[in-house]
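Engineer: Dropping a structure here in structure tokens format, bear with me for questions.
The values are calculated or read from the model by the stated rules, or taken from the named source; none is laboratory data. Worth saying up front: this structure is predicted, and the values here are computed from it rather than measured. Here the Cβ positions follow ideal geometry from the backbone for every residue, glycine too, while neighbour counts run over all protein chains shown.
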Amino acid sequence: MNNRTKSFIYAMAIGLIIVIIFLGFLSSFTNPVSWLLIGALLLIPIFYKKSAQSNQIQWKDEYSVGITHIDQDHKKLILLLNQFTVAYDHAMSEVFEKEALEKLIDYTKYHFEREEKMMRENDYPDFIAHQAKHQEMIEQVNRFVDLYNEKGHDALKDISEYLTVWLIRHINGTDKEYSQYLNERGVH
């Protein structure tokens, strides 16, 4: 069930509960059903918030590559990815969706440039292969952006899923491969 549907269901439930509370209070202010429903009404935002956060990625220490500025970049990428996912999940305006996607792509490119510069400066032996993985990811994202420009909101699910899987897999895989090499050269 997508978040649009969940939001609609929550809104309908809230409306129904308010009507039942009102009708209950018409009979008596001591009606226990009305007071129980007020309690339920107060809990709905908590349940909604918990269900909405399930798509969010949380930074874990195991994602650290042992290089402070790269870890900070990765944290920012996760934040931007989460913002993009919120824009998609909650069907924000097209302007907000595009802005969130553009910020994520721009920062990803910036991060790749910083990471690649650091690898070049330290003669990382697998630099070309790592750079190629970055390029493949950018090319895939560009294809998704073209699809988004063609199909609009419906294309965002694929982008969100791809970026989420790619980012975590890349951090825990390819990026961790260079960390020991660079740490031994004094990069922390």
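Engineer: In segment 149-157, is there at least one residue being within 23 Å of I67 (Cβ to Cβ), in a helix (DSSP H, G or I) and out of contact with any His (no Cβ under 6 Å at 6 or more places or on another chain)?
Structural biologist: No, because not a single residue in segment 149-157 is within 23 Å of I67 (Cβ to Cβ), in a helix (DSSP H, G or I) and out of contact with any His (no Cβ under 6 Å at 6 or more places or on another chain).
Engineer: Here's a follow-up. What do you reckon, is E161 at pLDDT 90 or above, charged (D, E, K, R) and either in a helix (DSSP H, G or I) or buried (at least 17 other Cβ atoms within 10 Å of the Cβ) (or both)?
Structural biologist: Considered against the rule, which asks whether it is at pLDDT 90 or above, charged (D, E, K, R) and either in a helix (DSSP H, G or I) or buried (at least 17 other Cβ atoms within 10 Å of the Cβ) (or both), E161 comes out as no.
Engineer: Condition first: basic (K, R) and at pLDDT 85 or above. Now tell me which residues in segment 92-145 satisfy that.
Structural biologist: Correct list: K103, K109, R114, K117, R120, K133, R143.
Engineer: Cβ-Cβ distance below 9 Å, separation of 6 or more or different chains: which pairs start in segment 135-147 with a residue that is in the same structural domain as L104 (by TED's automatic domain parsing) and end on one that is of a type in the set (K, R)?
Structural biologist: I138/K109
Engineer: For segment 117-137: of the residues being basic (K, R) and loosely packed, with under 13 Cβ neighbours inside 10 Å, which is farthest from S93 (Cα to Cα)?
Structural biologist: R120
Engineer: Would segment 60-69 turn up any residue that is at pLDDT 80 or above, out of contact with any Phe, Trp or Tyr (no Cβ under 7 Å at 6 or more places or on another chain), in the same structural domain as N149 (by TED's automatic domain parsing) and closer than 20 Å to E139 by Cα?
Structural biologist: Within segment 60-69, not a single residue is at pLDDT 80 or above, out of contact with any Phe, Trp or Tyr (no Cβ under 7 Å at 6 or more places or on another chain), in the same structural domain as N149 (by TED's automatic domain parsing) and closer than 20 Å to E139 by Cα.
Engineer: Can you tell me which residue within segment 97-116, out of those that are aromatic (F, W, Y) and crowded, with 16+ Cβ neighbours inside 10 Å, is nearest to the chain's Cα centre (by Cα)?
Structural biologist: Only one residue fits best here, namely Y107.
Engineer: Ok, one more. So which residues in segment 138-188 are of a type in the set (S, T, N, Q) and under 30 Å from E94 (Cβ atoms), if there are any at all?
Structural biologist: Residues satisfying the conditions are Q140, N142, N149, S160, T164.
Engineer: Out of curiosity, is D158 more than 22 Å from K76 (Cβ to Cβ) and of a type in the set (D, E, K, R)?
Structural biologist: Answer is yes for this residue.
Engineer: Report yes if some residue within segment 87-106 is out of contact with any Ser or Thr (no Cβ under 8 Å at 6 or more places or on another chain), under 24 Å from W59 (Cβ atoms) and not in a helix (DSSP H, G or I); otherwise report no.
Structural biologist: yes
Engineer: (1) part of a helix (DSSP H, G or I); (2) at negative phi: which one isn't true of Y124, the others all being true?
Structural biologist: Of the numbered conditions (1) part of a helix (DSSP H, G or I); (2) at negative phi, the odd one out for Y124 is (1).
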